[in-house]
Amino acid sequence: MLPRPVVVSFRGAVLAALCALLPWSGFAATPPATPSAPAPAASARFTFAAVGCMPYGRLPGSQEGFARVIAEINRHRPAFSVHLGDIFGGEEDATDALYLKRRAEFDTFSTALVYTPGDNEWTDAHRSGHEPQERLAFLRRTFFADERSRGAQPLDLVTQRRDPAFAAYVENARWSRGGVIFATLHLVGSANNHQPKFPGAVEEWRAREAANVAWLRAVFAEATRTAAPGVAFFFQANAVSANGGPTHDPGFTAVLAALETEARAFGKPVLLVHADEHRYRLEPGIRLRRDADPVPNVTRLETFGAGDFHAVLVTVDPASPRVFLAGPLLVPGNPLPTIPAPAPPAKKM
């Protein structure tokens, strides 16, 4: 359970968050919308949007709020958008029809929409009487039938299905723009399905953990081979706790250890974009292992979610040494979110 948030001035919190990013680059966090702009050159700046943990059908106004999020993202016309999972609430009935409804909504994004699953879609499906791994199989058939994103202008993707050892993990995808590498990792809440009380859960987690580690290493290998200026990963779970420390959950340990090793060796900016706790958060230089030093080139960005119907917008400048500049994308017509004050630094003993 999160501590009770301390409400601060939204404008002040946003300005503070953006100021924290100023060392990255001097360009604007939220560029003006350019609905008729020509396709950029390979090294030109571009933007992407990310959303997660919405719409939750049992929350009042959820469907309307999500529609406004899509409309605002479409107004900005990012190069692509990513939905970070939890496409419905954990207490909703995970029926075939609900998955198909969300897939149709994804196709209303005016550019490309890449999707990575959350725990509500399958690990928590037992809450509504479904078998989690059966729901995962349906999810894969419904959203990941081929190597294409959703959206009106879908992207061609490279997915893990090309690796015979991990061909089942069709949801793990990568793509590039301006030389920057982007990739999804299937990391979900509910302990990443490391749940011994549910038959078969730990076995599923162990197999997917091996796939995720292999995919993460393959992404960094591609980034090194192509001399990519930066790498961004997208996943649903909050695998990193507040103040840039690792969680106490063994479901993420191996992936975080591999991420630290690869990110340190890569040496260039690495952005982790995730959902799960439903609050905007931006933390550069996070720690990925207990008692380890922070990794200065790794930044975590968390999206809004649940009742806060807003997104994040990231400007990518492949020519800048900082590569990524992130900020909130506030949606007109949706209530302003409450941003908790940053936790105070730990006292030295």
Checklist outcome for this item: Arg127 and Arg58 label points (each 7 Å along its Cα→Cβ direction) are spaced in nm at 0.6
Checklist entry - How large is ³J(HN,Hα) for each residue in the stretch 148-161, as worked out from phi by the Karplus curve 6.51 cos²θ - 1.76 cosθ + 1.60 (θ = phi - 60°), to whole Hz, x for Gly and Pro? => result 9, 6, 8, x, 5, 10, x, 8, 7, 10, 9, 10, 6, 4
Checklist entry - What are the principal axis extents of the Cα atoms in the stretch 45-329, in Å, biggest first? => result 46, 44, 37
Checklist outcome for this item: Here the gain from full extension of Ala71 to Thr338, 0.36 nm per residue of separation minus their alpha-carbon distance, amounts to 93.9 nm
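Values quoted throughout were computed directly from the atomic coordinates according to the rules given, and no laboratory measurement underlies them. The structure presented is a predicted model; accordingly, all values stated were derived computationally and were not measured. Using ideal geometry, Cβ is built from the backbone for each residue, glycine included, and neighbour counts are taken over all protein chains shown.
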